[in-house]
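We did not get these values from a lab; they are worked out from the coordinates using the rules stated. Just so it is clear, the structure is predicted and the values come from calculations on it, not from any experiment. Every residue, glycine among them, receives a Cβ derived from its backbone with ideal geometry; neighbour counts consider all protein chains shown.
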Amino acid sequence: MEEQNDYANWLNDRYPFDSEARNKSLEAKVLDYLKPKEVVHLLDVGAGTGSNTLYLMDKIKGDQHWYLIEQDTSFKPIFLRRIEDFATFHKYEWQASNNKIQVTTPTKELSFEFIEGSLLELAQLVRLDKIDLVLANAVFDLFSKEQLQQFLNPIVQAGIACYFTLNYKSQSFHPEDPFDNTFISLYEDHMERPQATGQATGKQVGPYLATYLETFQTIEQGISTWQIQKEDIKMHYYLLSYMERAIPELPIQEEVITLLPKWIQRKKDLVITRQLELTVQHWDIFSYPSNLIKD
Ligand SMILES: C[S@@+](CC[C@H](N)C(=O)[O-])C[C@H]1O[C@@H](n2cnc3c(N)ncnc32)[C@H](O)[C@@H]1O
């Protein structure tokens, strides 16, 4: 349970970095795509504590019905609480019952439903024919190609637009260390490790999603970048500790593994003396049925 709360903290703490990173010109195209509709139905998959929904709901004009698919139910109360806090802060009326919450603002009605389940079984969880846009933020790099196909197939068959943000691409530290390339590539290998569900796509996730989607839809994409600055100590620590834990899980040579704690310590020394910067690049992807502006 404590681990899950730690993960929720991580999701909430990365929110400002994700918001800043989002490719704003692609985001404008997504908002334009939805603009003609008075009521929009949105499906946020791998929704976590609801950051993707919270970020976009204010920017989309018109009434919105959000469906959040998440396999980890411990996030449900955290998500509902975030919506309540949003409504209370703005002095909007809100009503909650079980998995749902409704908010009335002076200009629009918002409803949110938190649905427990796997995004791999989408068609069993929601009526896809009423959905205008499927969204996911930072979800797919641990999925295999087969899983991504399983997820995407009903979506493209139903002719639904997709907006998938923060798909890992690459990272680099400044100042550089002679062992950065070694440990960054090992971390990326760890992302792409074989799992029971197949080999995860890791840094190939963006190109794979784009290649699959462009067979069926028109796609647009752009880079979204986390800029972790010298003063973002907590974020540096999160990311270094993920690497510190992940890399030794790989079957790697003893002499390389003994260099890891020293490399991590050099990074931590730079963090604590406010000298380390990290750039993490991602792909944001928007795709929509070619001949169709849905209304
Ligand atoms: C890195 S988090 C991102 C959460 C959220 N989208 C955000 O931007 O904060 C990835 C999320 O995907 C969820 N997830 C992973 N596999 C899933 C699956 N098969 N079905 C539903 N959710 C899944 C995880 O539980 C986790 O909440």
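Couple of notes before you dig in:
- Helical mean residue ellipticity (222 nm; -39500 (n - 2.57) per DSSP H run of 4+; nearest 500) of the chain: -13000 deg cm²/dmol
- Listed by Cβ neighbour count within 10 Å, with the fewest neighbours leading, S111, S170, S97 appear as S97, S170, S111.
- Top of D177, D72, D284 by mean-square fluctuation, Gaussian network on the chain, Cα under 10 Å: D177
- Distance histogram in 5 Å bins (all Cα pairs of the range 93-177, percent per bin): 3, 10, 16, 18, 16, 13, 9, 6, 5, 3, 1
- Taking the range 191-295 as the region of interest, the number of lysine pairs whose Cα atoms are within less than 26 Å, with members eight or more places apart or on different chains, is 11.
- From least to most packed, judged by other beta carbons within 10 angstrom and beginning with the fewest, I115, I155, I285, I223 follow the order I223, I115, I155, I285.
- Across the range 136-151, computed HN-Hα scalar couplings (Karplus, 6.51 cos²θ - 1.76 cosθ + 1.60, θ = phi - 60°) run 7, 10, 6, 10, 9, 5, 8, 8, 7, 4, 5, 5, 5, 4, 4, 6 Hz from first to last residue, x flagging Gly and Pro.
- Counting neighbouring beta carbons within 10 Å and listing from fewest to most, the residues K76, K35, K91 come out as K91, K35, K76.
- Here's the picture: a label point sits 7 Å out from the Cα of Q227 along the beta-carbon direction, and within the range 146-178 the residues with their amide nitrogen under 16 Å of it are 172-175.
- GNM remark for the chain: springs join alpha carbons under 10 Å apart, and the peak mean-square fluctuation among Q171, Q64, Q275 falls on Q275.
- Proximal aspartates and glutamates relative to K145, as straight alpha-carbon distance under 13 Å, when same-chain residues fewer than 8 apart are discounted: E192
- Per-pair calculated FRET efficiency, R0 = 41 Å: T258 and E84 via Cβ, rounded to 0.05: 0.25
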